[in-house]
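Take a look at the structure set out below.
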Amino acid sequence: MTAFQVFGGLIALVAGFGYLNHRLIRLPDAIGITAIGMIVSIVAVAIGRFEPALGASMRAATGRLDFAALLLHGMLGLLLFAGSLHINIADMAKEKWLILVLATIGVLLSTALVGAGFYLVSRWIGVALPLLHCLLFGALISPTDPVAVLAVIQRVGVPKSLETRIAGESLFNDGTGVVVFLTLLALAGGTGRVDLGSTALLFATEVIGGALFGLAVGYLGFRMLRNIDSYPVEILITLALATGGYALADALHVSAPIAVVLMGLIVGNRGKREAMSEQTRHRLFEFWEVLDELLNLLLFGLIGLQMMALTFSAPQAAAAGFAIAIVIVARLISVSGPLLVTPRLRAWRTPAIAIMTWGGLRGGVSIALALSLPDFAGRETVISSTYAVVLFSILVQALTLRRVIERVLPAEVLHAPGRGS
């Protein structure tokens with residue numbers, strides 16, 4: 001079976017999930033497709049218990065698709081570019097210091113809390129993972145997933161300033177998360193020289209290098225858009241930024257996610273105002289909205305289907321259940337500190353903390369990082385726990401976020417986005 005046949009079959013499956021959801025379950029598309037994909041995976045695993053040969057062939061078919069490579073070196077650039085196109089830089093600038101603290105100190109604190117909590121739980125239930133491997137789990141699960149976050153918050157009616165904080169944090173905390181993940185991975189593998197200096201250099205290369213690269217390529221794209229008036233060519237230029245720009249940043253070992261986010265911000269703000277005709281603006285943004293929707297649905301369907309390749313023992317299931325609680329508590333603590341010391345949020349601290357805690361969704365990026373881990377004792381426990389947290393985010397937190405918002409925010413704030421929190 002060729003790669004094209006596998007990919008075509010997966011698209012057909014996800015399309016079928018979308019049809020079944022729309023006809024029978026009627027959940028929001030991304031959530032419903034994930035749920036049906038998960039149900040199909042569970043049924044396939046159950047069938048495999050009675051027909052081992054059939055189960056092995058289904059797992060093999062799923063395993064032919066390298067999910068980590070597909071997301072981290074394929075879909076992610078397109079999804080991040082599409083999401084950042086719609087972020088207003090002026091709104092983000094008002095929240096820049098809070099976003100910076102949440103995307104750096106918040107991620108570091110959450111990594112430490114999740115790692116320590118998971119280490120204690122693993123010893124208690126008899127899995128006994130090393131502390132470094134538990135911290136690796138903390139590093140890959142602590143950054144909120146920009147794809148999952150942007151797919152949900154734009155549909156639940158979050159007040160504008162709070163939406164900017166959540167979206168801004170999710171778009172930029174990957175840089176910190178990647179540095180921490182790579183540093184811990186080097187320590188766990190006993191490779192490379194890891195100290196304060198090398199970590200600082202890695203951070204500067206990844207984050208600052210990615211930002212400078214994104215600004216330079218984004219400005220180049222803006223100048224190209226301003227010099228022509230042909231919407232098909234202009235759409236191709238933006239596709240080149242999201243794919244070629246991402247790939248080049250990856251090859252240069254700078255943060256490709258941060259780079260492509262900045263490219264999208266430049267095109268979606270200055271490019272929209274100064275470089276596009278009315279027709280181009282309409283066609284280009286409509287194209288990216290449709291592409292964003294389609295890629296999101298495909299990604300969430302793949303998340304559900306990837307469960308087919310998992311194996312759950314009783315200790316792994318217990319660890320996964322505890323991991324959900326640990327990650328939520330760590331998220332609560334890591335967002336509370338910055339929000340509690342922000343004077344202008346004094347009247348809205350409790351609602352903001354509740355919404356940002358419950359709205360800190362995890363998604364495909366965490367799964368891709370977990371699947372990229374080298375083989376070690378306990379790797380399956382880390383992967384299964386990552387899946388549990390991601391599925392809880394998508395199927396429970398995302399589905400109930402609107403209810404949480406309505407419960408904690410006053411009615412006048414809900415009906416006046418941009419006010420209050």
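What net charge is computed for the residues neighbouring ILE326, neighbours being all others with C-beta under 15 Å from the C-beta of ILE326, Lys and Arg scored +1, Asp and Glu -1?
+3
Could the peptides 272-279, 285-292 be put in order, highest first, of the mean number of other beta-carbon atoms found within 10 Å of their residues?
Those peptides, ordered most packed to least, come out 285-292, 272-279.
Treat the count of other C-beta atoms within 10 Å as a stand-in for reagent exposure and order SER198, SER393, SER334 from fewest to most.
SER198, SER334, SER393
Principal axis extents for the range 179-285, Cα atoms only, whole Å, descending order, please.
55, 18, 17
Quick one: if you stick a label point 7 Å off each Cα along the C-beta vector at ASN227 and ILE89, how many nm between them?
Spacing of the two 7 Å Cα→Cβ label points: 2.0 nm.
In deg cm²/dmol and to the nearest 500, what is the mean residue ellipticity at 222 nm of the chain if only DSSP H runs of at least 4 residues count, each as -39500 (n - 2.57), divided by the residue total?
For the chain, the value works out to -23500 deg cm²/dmol.
Can you list which of the DSSP-assigned H helices in the chain have a Cα extent of 27 Å or more along the long axis and an average Kyte-Doolittle score of at least 0.0?
Qualifying helices, which must be both long enough and hydrophobic enough, are 29-50, 96-125, 160-189, 278-306, 314-340.
Stick to the Cα atoms of the range 239-335, pair each with every other, and give me the Kirkwood hydrodynamic radius in Å at one decimal.
17.4
What translational D, rounded to a whole number of µm²/s, comes out for the chain from Stokes-Einstein when the hydrodynamic radius is the Kirkwood one over Cα pairs, at 4 °C and 1.567 mPa s?
Answer, rounded: 59 µm²/s.
Between LYS96 and PHE376, 0.36 nm times their residue separation minus their Cα-Cα distance comes to what?
Between LYS96 and PHE376, full extension yields 96.9 nm more.
Taking 0.36 nm per intervening residue step and subtracting the Cα-Cα distance, what contour gain separates ILE333 from HIS22 on full extension?
108.2 nm
Taking K and R as +1 and D and E as -1, what net charge do the other residues with C-beta under 13 Å from the C-beta of ALA249 add up to?
-3
Can you give the convex hull volume per residue for the Cα atoms of the range 124-254, as a whole number of Å³?
Considering the Cα atoms of the range 124-254, their hull volume per residue is 173 Å³.
Which aspartates and glutamates, on any chain, are close to LYS96 with Cα under 14 Å apart, when same-chain ones fewer than 8 places away are left out?
Answer for LYS96, where 14 Å is the Cα cut-off: GLU163, GLU169, listed by chain and number.
Say R0 is 30 Å: what FRET efficiency, to the nearest 0.05, do ALA240 and SER198 get from their beta-carbon distance?
0.35
Report the extension gain between ILE39 and ALA128 in nm, rounded to one decimal, defined as 0.36 nm multiplied by the number of residues separating them, less their alpha carbon distance.
29.0 nm
Any read-out appearing in this document is the output of simple, stated calculations on the displayed coordinates, not a laboratory observation. Every value quoted in this text rests on a predicted model; they were computed, and no experiment measured them. As a convention, Cβ positions derive from the backbone with ideal geometry for all residues, glycine included, and neighbour counts pool all protein chains shown.
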